[in-house]
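The values are calculated or read from the model by the stated rules, or taken from the named source; none is laboratory data. Quick caveat: nothing in here was measured; it's all calculated off a predicted structure. Glycine gets a Cβ as well: all are built from the backbone with ideal geometry, and neighbour counts include every protein chain shown. Calculation scope for accessible area: heavy atoms of the full protein, side chains included, ligands and nucleic acids excluded. Shrake-Rupley method; radii C 1.70, N 1.55, O 1.52, S 1.80 Å.
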Amino acid sequence: MPDEIALLLPNHSGASGLISEVHSAPWQMEARALGLFLADPFFNAEAETKRLREAGINWIANLPTVEQQDQEFVQLLGDVGLDRTLEIERLRHLSVSGFRVLAVVASPEAASAAIRVNPDAVFVIPPVADFAAGFPSFRQRGAAAREVLEAIRAVDWKGPLLGLAAESEVAHETLWPEALDGVVCRPAPLKAQQDFPASP
């Protein structure tokens, strides 16, 4: 199963659990960014702001995003208030609280909603359906990026647009879809205890 899809599974302790792991880890993160499922019904953005700062986090992304799911499931989430609106509301809170925001979107409609919080960047991620035959092709990712670019330029937002790339593609800028200003490498599991020895 692709890691982008595994992130959507409800088999972990949610956003607050991830913040606890980062906050209490004996190793220091080199990167200061964190992706959180902001439609988590148990996530209290106001209460978690302090722990995020203490952990040294200064970038927040709504990753994974509900928008990656198929429309029927997105509607079910929306029926109980766990939808794009909640994600955007929490992104806005975190932005106002001083965090830099990477808005993760899977459609032009989501992009139009996300730029209302004036994010520092927008990241286009393919929806679940695009992974049916494996990692989406350049053509699929490029088409999605162009649609999102049109949506955000239509409302005069001029920040950077990022897309998802395999590790082998990251160093080859000429291969990236033209609509993109940069790419984000695909997620991979992090073995914290092996890669980061405990501090003395």
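Values for this structure:
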read-out: Along principal axes, Cα extents of region 57-177, largest first, whole Å; value: 36, 32, 31
read-out: Solvent-free Debye scattering, log10 I(q)/I(0), computed from the Cα coordinates of region 31-92 at q = 0.14, 0.23 Å⁻¹; value: -0.41, -0.93
read-out: Cα gyration tensor category, rounded, prolate or oblate, for region 72-130 with a/c compared to 1.5; value: oblate
read-out: Radius 13 Å from Cβ of Ser137, net charge of other residues (Lys, Arg +1; Asp, Glu -1); value: 0
read-out: Cα-derived Rg over Rh, computed across region 126-191 with Rh taken as Kirkwood radius; value: 0.99
read-out: Förster-model FRET efficiency, 22 Å R0, Ala188 and Glu54, C-beta, rounded to 0.05; value: 0.25
read-out: Hypothetical label at Ala129: residues of region 45-85 whose amide nitrogen lies under 15 Å (7 Å Cα-Cβ projection); value: 67-76
read-out: Approximate spin-label separation Leu76-Ala33, in nm, with each point projected 7 Å along Cα-to-Cβ; value: 3.1 nm
read-out: Accessible heavy-atom area order of Phe123, Phe37, highest first, probe of 1.4 Å; value: Phe37, Phe123
read-out: Under 16 Å from the Arg139 label point (7 Å along Cα→beta-carbon), backbone N, region 145-175; value: 145-146
read-out: Full-extension gain in nm, Asn118 to Ala166, via 0.36 nm per residue minus C-alpha separation; value: 14.5 nm
read-out: Rounded accessible area of Lys158 (nearest 10 Å², 1.4 Å probe); value: 150 Å²
